[in-house]
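Notes for the one structure printed next.
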Amino acid sequence: MGRPIGVTRKETTPLTRRLAMSSGNSPAASFPEKTSWRALLSPSTVIRLLISWGVVLLFLLFGPAWLAEPVSSLAAISCFVVLFSTILYAAFGVVHEADCLADALGEPYGTLILTIAIVGIEVILITAVMLGPGESATIARDSIFAVMMIILNLVTGLCLLLGGLRYGEQEYNSQGAAAYLSMIVLLTGTALIIPNTLSTGDGTLLAAQAFGLALITGVLYVAFLMLQMRGYRRFFVQPRQGALTIPLLTAQQAQRAERHDTARPAVNRRATLLRSTILLALILPIVLLAQDMAVLIDLGVNQTGAPVAVGGLIIAIIVFTPESLTAIRAALADQMQRAVNLCLGAFVSTVGLTVPVVLLIGLATQQTVIMGLSLLDTVSLAITLLLSGLTFLGLRTSPVQGMMHLALFAIYTLLLFVP
């Protein structure tokens with residue numbers, strides 16, 4: 001199906017400029033990177049910083065009194081709304097700054113910066129709940145599984161459906177999708193399914209098993225990142241129209257041309273440093289507010305009788321809403337490979353970073369960490385992996401596949417509350 005009338009890809013957004021840079025064009029020369037604090041600190045960024053740090057100050061001063069037992073329902077709901085909104089607001093700022101850094105560094109570094117920044121926030125929130133006062137043995141497992149269902153079914157489904165309705169069949173790099181899916185099958189299988197088969201019998205791991213799994217998962221993830229950024233970068237870049245891959249010879253020629261391209265501007269180190277500082281200034285409020293959020297999540301689950309897994313779902317929603325919107329915008333811009341990098345790459349980063357950190361924290365604090373999924377969730381995981389494989393190991397995407405992923409997410413939501 002051809003591109004509909006009125007739809008253009010000439011917009012000079014960070015997304016389109018970054019993809020153009022990665023293909024050898026150099027429009028960035030027309031968009032000089034601003035390097036002063038005044039230029040980088042836009043009014044919206046200043047407001048975001050002031051609100052985020054203002055809420056941090058309020059909870060440092062009055063949080064202990066507001067959250068002291070017994071906590072009234074009105075106080076708990078009010079504090080939860082303020083914390084949820086502030087953390088989500090700061091997370092959008094983190095995504096914006098990471099996206100600006102990605103704009104300067106190009107693909108696939110841009111996607112990696114974005115996903116690692118977001119997954120870092122998730123690890124912070126999970127750690128806060130683990131070290132909180134409530135029962136949190138399953139929070140890591142529940143969060144990882146909720147992220148999987150949100151990213152691989154809800155967000156992927158929306159990308160396929162909305163992008164397909166606008167452009168018809170959309171193309172992507174099949175080798176990159178296969179690499180992501182292989183990592184997802186391996187990491188989820190070892191982290192969420194194998195623990196149910198061990199001698200402990202309750203989905204936990206012995207100390208030696210936990211340390212070994214953390215080490216192997218971490219090393220594998222780092223190795224995957226290195227290959228993704230170096231020798232196999234071509235797997236994760238949009239191929240030319242009508243092709244499903246980028247041939248090795250073509251990729252080598254492009255790399256040689258890029259090395260000799262004097263028109264391509266160098267990375268502005270000052271601007272990169274300033275943006276990195278702003279990014280950290282937006283992540284710190286999330287770190288400082290995470291403990292109060294963990295207390296309220298425990299309180300809400302206990303008082304309402306909601307499933308414990310709802311805590312993991314809340315963390316997943318907070319963390320991946322900004323990145324999800326970025327992926328949907330990429331699909332609507334007919335850049336399905338960017339959406340694939342964000343969706344599949346985000347979940348690979350989630351498991352690759354979260355599992356080692358959580359297991360090591362459990363060992364250091366002597367906390368019980370249950371990683372094995374329930375039978376119902378195991379079946380849902382298997383269906384999700386099978387459906388994702390059929391979706392991304394084909395030739396092109398279509399809206400039909402998007403509807404299937406959305407239907408599976410709806411079933412997951414229903415069974416979460418009515419198992």
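Below is a table of values for the structure above.
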{"item": "Matching residues in segment 148-183 - criterion: being out of contact with any Gly (no Cβ under 8 Å at 6 or more places or on another chain) and β-branched (Val, Ile, Thr)", "result": "150, 151, 155"}
{"item": "Residue within segment 83-103 that is modelled with pLDDT of 85 or more, touching a Phe, Trp or Tyr at 6+ places or on another chain (Cβ under 8 Å) and in a helix (DSSP H, G or I) present", "result": "yes"}
{"item": "Single residue of 20, 65, 76 found to be at pLDDT below 70, assigned to a helix (DSSP H, G or I) and surrounded by fewer than 20 Cβ atoms within 10 Å (Cβ to Cβ)", "result": "20"}
{"item": "Test: residue 199 is part of a helix (DSSP H, G or I) and at pLDDT 70 or above", "result": "no"}
{"item": "Residue match in segment 347-356 (condition: surrounded by fewer than 18 Cβ atoms within 10 Å (Cβ to Cβ), part of a helix (DSSP H, G or I), on the phi < 0 side of the Ramachandran plot and among the hydrophobic types (A, V, I, L, M, F, W, C))", "result": "no"}
{"item": "Residues located in segment 176-196, provided they are free of Cβ contacts under 8 Å to residues at least 40 places away in the same chain and not hydrophobic (A, V, I, L, M, F, W, C)", "result": "182, 189, 190"}
{"item": "Index of the failed condition, residue 189 passing every other in (1) surrounded by 14 or more Cβ atoms within 10 Å (Cβ to Cβ); (2) modelled with pLDDT of 95 or more; (3) closer than 19 Å to residue 378 by Cβ", "result": "(1)"}
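Okay, residues lined up against (1) out of contact with any His (no Cβ under 6 Å at 6 or more places or on another chain); (2) assigned to a helix (DSSP H, G or I); (3) modelled with pLDDT under 90:
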residue: 221; (1), (2), (3): yes, yes, no
residue: 234; (1), (2), (3): yes, yes, yes
residue: 267; (1), (2), (3): yes, no, yes
residue: 275; (1), (2), (3): yes, yes, yes
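The values are calculated or read from the model by the stated rules, or taken from the named source; none is laboratory data. What you are looking at is a predicted structure, and each value in this text was computed from that prediction instead of being measured. Neighbour counts are summed over all protein chains in view; Cβ atoms, including those assigned to glycine, are modelled from backbone coordinates with ideal geometry.
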